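**Q** For reference, the structure I am asking about is given below.
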Amino acid sequence: MKYVQPELPYDAAALAPAISEETVRFHYGKHEKTYIDNLNALIKDTHFESLSLEEIICESDGALFNNASQAWNHIFYFFSLSPDGGGEPGGDLRRAIDRDFGSFEKFKEDFVKAGTGLFGSGWVWLAADSDGKLFIQADSNAGNPMTSGLTPLLTFDVWEHAYYLDYQNRRADALNALWNIVDWDVVESRY
């Protein structure tokens, strides 16, 4: 199977001011394309060629894991955002956030703290276990909660290329701006 980078469901300028058009074009248009291209080259003529991206992530290591997981993580991230996003989640997810973090505000504070506290590059995740308990997990590099048996619900990218053009070294400002564009309908559908 050859993996194809999906088109974003919004224009590259649509997430501004939280994420600029230049960052979307550079981050999704160039970085993500490179991960997809590398992934396709690495799986060619191997047994991984017939596996889903999720199976490749859970069964691989090294360069293959890094490119497969980064390809998946970026799609997951960009498809969790919307120019019409923001606000707060509802329903079962909101009840679980209140149960496991005390409040939505405390969840956001803990999530940003985990993302800013991650040394170097990586991802901060909201993930759920099979019982629906929620966890905030910060993973370096191409880390993904699927490798720990958790279901990813939301992620913020904390690699510098995700925010440096817009925020320079102000990672916390970049993460806090993302709350304005989270598509909670998408995130809730994963729970």
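**Q** Between beta-carbons, use under 12 Å as the cut-off and find the net charge around LEU118, counting Lys and Arg +1, Asp and Glu -1.
**A** -1
**Q** Here is a further query. Roughly how many Å² is the accessible area per residue of the chain, as a whole number, for a 1.4 Å probe?
**A** 47
**Q** Give the carbon-plus-sulfur fraction of the accessible surface of the stretch 97-191 in %, rounded to a whole number; probe 1.4 Å, heavy atoms of protein chains only.
**A** C and S fraction of accessible area: 46 percent.
**Q** So how many Lys-Lys pairs in the stretch 1-152 land under 26 Å Cα to Cα, not counting same-chain pairs under 8 apart?
**A** Taking the stretch 1-152 as the scope, the lysine pair count is 8.
**Q** With runs of 4+ DSSP H residues as the only contributors, calculate the mean residue ellipticity of the chain at 222 nm using -39,500 (n - 2.57) per run, divided by the residue total and rounded to the nearest 500.
**A** -12500 deg cm²/dmol
**Q** Evaluate E = 1/(1 + (r/R0)^6) for ALA63 and LEU165, where r is the Cβ-Cβ distance and R0 equals 41 Å; express this FRET efficiency to the nearest 0.05.
**A** After rounding to 0.05, the efficiency reads 0.95.
**Q** Also, quick follow-up: How do ARG25, ARG170 rank by accessible surface area computed with a 1.4 Å probe, from largest to smallest?
**A** Heavy-atom accessible area, descending, gives ARG25, ARG170.
**Q** Rolling a 1.4 angstrom probe over the protein chains, ignoring ligands and nucleic acids, what is the accessible area of ASP98 in square angstrom, nearest 10?
**A** 60
**Q** How large is the accessible surface of SER189 in square angstrom, using a 1.4 angstrom probe and rounding to the nearest 10?
**A** Surface open to solvent at SER189 totals about 90 Å².
**Q** Please work out how much accessible surface THR147 shows to a 1.4 Å probe, ignoring ligands, DNA and RNA, in Å² rounded to 10.
**A** Result for THR147: roughly 80 Å² accessible.
**Q** Starting from the residue with the highest accessible area, list HIS47, HIS27, HIS161 in decreasing order, probe 1.4 Å.
**A** Ranking HIS47, HIS27, HIS161 by accessible area, largest first, yields HIS47, HIS161, HIS27.
The values are calculated or read from the model by the stated rules, or taken from the named source; none is laboratory data. Keep in mind the model is a prediction, meaning the values are calculated, not measured. With ideal geometry, Cβ positions are generated from the backbone for all residues, glycine too; neighbour counts draw on all protein chains shown. What goes into the accessible areas is simple: the full protein's heavy atoms, side chains included, and nothing from ligands, DNA or RNA. Shrake-Rupley method; radii C 1.70, N 1.55, O 1.52, S 1.80 Å.
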